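Report on the structure given below.
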Amino acid sequence: MAETKHFVVIGLGSFGTALALKLAENGCRVTGMDACEHRIEDVSGQLYEAVIGDATERDALEHLSLNKADAVFISLGEDITPSLLATLHAKELGAKQVVVKGVTHEHGRLLKYLGVERVIFPEEEAARELADRMTWPSVLDFLPIDPEYSFIEIAVPDSFSGKTLMDLQLRKRFNIWVVGVKDVLSGKLHLFPEAQFKFGTEQVLLVVGKHADMTRFREIK
């Protein structure tokens, strides 16, 4: 049986609370910390542990056993100073992985100097995803894998119907990898289809590739 993951969420504003509650819903053991008592009261019955404390004070974090958590998430509002102090303490206390909500890109660079594994900008990421969905409505899902590559789930273009992967030469034309094809009606998933796989109607294509190549591919009708 897999061991339950343990996460610590420092800062229970809108983003931190949503993150903590979703992790708990996913079956994870979540410890939440915030200096505001009413925020702790709002989540106290839904998390494994909810602690009132000032994350800028090292002593407050020492009791959270950050070195035993799978990851520590830090989201402390628009003032970068508390975020930087909490991050510094978390790294010094042996946190394995620290993920911080960035305020500005300058803040993000400072966090990287502190050794933060990942800096996130939720509003920017949501805006980019919305723009992509509106620009390419056939794209059903989009997941960046790293700064260069992404994974997309896209409705199979009408022009693919009756053709094989060999006919279409997607790897050669677009430099993308077809991971799978899913039949919408039956729900059947064809993983790593062979060159002779023939496309039909009502299918979804699962593809991995570089962002620039994906953009070209999404233009196909």
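Checking residue 31 against (1) over 22 Å from residue 4 (Cα atoms); (2) among the polar types (S, T, N, Q); (3) surrounded by 13 or more Cβ atoms within 10 Å (Cβ to Cβ): exactly one of these is not met. Which one?
With respect to (1) over 22 Å from residue 4 (Cα atoms); (2) among the polar types (S, T, N, Q); (3) surrounded by 13 or more Cβ atoms within 10 Å (Cβ to Cβ), residue 31 is out only on (1).
Of a type in the set (A, V, I, L, M) and more than 20 Å from residue 4 (Cα to Cα): does that describe residue 24?
Details: of a type in the set (A, V, I, L, M): yes; more than 20 Å from residue 4 (Cα to Cα): no.
Spelling it out, it is not the case that residue 24 is of a type in the set (A, V, I, L, M) and more than 20 Å from residue 4 (Cα to Cα).
Search the stretch 112-160 for residues being within 24 Å of residue 181 (Cβ to Cβ) and small (Gly, Ala, Ser), and hand back the single one that is modelled with the highest pLDDT.
Checked the stretch 112-160; the qualifying residue modelled with the highest pLDDT is 159.
Okay, residues lined up against (1) in contact with a helix residue (DSSP H, G or I) (Cβ under 6 Å, 6 or more places away or on another chain); (2) within 20 Å of residue 22 (Cβ to Cβ); (3) free of Cβ contacts under 8 Å to residues at least 60 places away in the same chain; (4) not β-branched (Val, Ile, Thr):
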residue	(1), (2), (3), (4)
63	no, no, yes, yes
70	no, yes, no, yes
80	yes, no, yes, no
85	no, no, yes, yes
90	yes, no, no, yes
96	no, no, yes, yes
105	no, no, yes, yes
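Look at residue 53 and say whether it is of a type outside the set (D, E, K, R), surrounded by 14 or more Cβ atoms within 10 Å (Cβ to Cβ), over 30 Å from residue 184 (Cα atoms) and touching a Phe, Trp or Tyr at 6+ places or on another chain (Cβ under 9 Å). So that I can check it myself, show each step before the final result.
On the way: of a type outside the set (D, E, K, R): yes; surrounded by 14 or more Cβ atoms within 10 Å (Cβ to Cβ): yes; over 30 Å from residue 184 (Cα atoms): yes; touching a Phe, Trp or Tyr at 6+ places or on another chain (Cβ under 9 Å): no.
When the stated conditions are applied, residue 53 does not pass them.
Say we look at the stretch 34-50 and pick out the residues that are outside any strand (DSSP E or B), in contact (Cβ under 8 Å) with a residue 12 or more places away in the chain and not aliphatic (A, V, I, L, M); which of these is surrounded by the most Cβ atoms within 10 Å (Cβ to Cβ)? Give the derivation first.
Going residue by residue through the stretch 34-50, those that are outside any strand (DSSP E or B) are 35-48.
From what is left, the residues that are in contact (Cβ under 8 Å) with a residue 12 or more places away in the chain are 35-37, 39-40, 42-43, 46-48.
Among the residues that remain, those that are also not aliphatic (A, V, I, L, M) are: 36-37, 39, 42, 46, 48.
Details: 36: 12, 37: 9, 39: 19, 42: 16, 46: 14, 48: 15.
Across the stretch 34-50, the extreme among qualifying residues is 39.
Looking only at the stretch 180-217, filter to residues that are assigned to a loop (DSSP other than H, G, I, E, B) and of a type in the set (S, T, N, Q); which one of those is farthest from residue 149 (Cα to Cα)? So that I can check it myself, show each step before the final result.
Initial filter on the stretch 180-217 (assigned to a loop (DSSP other than H, G, I, E, B)): 184-188, 192-197, 199-202.
Going one step further and asking which of them are of a type in the set (S, T, N, Q), we end up with 186, 196, 201.
Values: 186: 30, 196: 26, 201: 27 Å.
The selected residue is 186.
Any residue at all in the stretch 105-118 that's assigned to a strand (DSSP E or B) and surrounded by fewer than 18 Cβ atoms within 10 Å (Cβ to Cβ)? Spell out how you get there, then give the answer.
Restricting attention to the stretch 105-118, the residues satisfying the condition of being assigned to a strand (DSSP E or B) are 118.
From what's left, surrounded by fewer than 18 Cβ atoms within 10 Å (Cβ to Cβ): 118.
Yes: the stretch 105-118 contains one or more residues that are assigned to a strand (DSSP E or B) and surrounded by fewer than 18 Cβ atoms within 10 Å (Cβ to Cβ).
State whether one or more residues within the stretch 155-173 are in contact with a helix residue (DSSP H, G or I) (Cβ under 8 Å, 6 or more places away or on another chain), outside any helix (DSSP H, G or I) and surrounded by 11 or more Cβ atoms within 10 Å (Cβ to Cβ).
Of the stretch 155-173, the ones in contact with a helix residue (DSSP H, G or I) (Cβ under 8 Å, 6 or more places away or on another chain) are 160, 168, 170.
From the residues that got through so far, the ones that are outside any helix (DSSP H, G or I) too are none.
No - not one qualifying residue is present in the stretch 155-173.
Just for the stretch 206-218: of the residues that are at pLDDT below 90 and of a type in the set (A, V, I, L, M, F, W, C), which one is farthest from residue 152 (Cα to Cα)?
Checked the stretch 206-218; the qualifying residue farthest from residue 152 (Cα to Cα) is 212.
The values are calculated or read from the model by the stated rules, or taken from the named source; none is laboratory data. None of these values were measured; they are calculated from a predicted model. Neighbour counts are summed over all protein chains in view; Cβ atoms, including those assigned to glycine, are modelled from backbone coordinates with ideal geometry.
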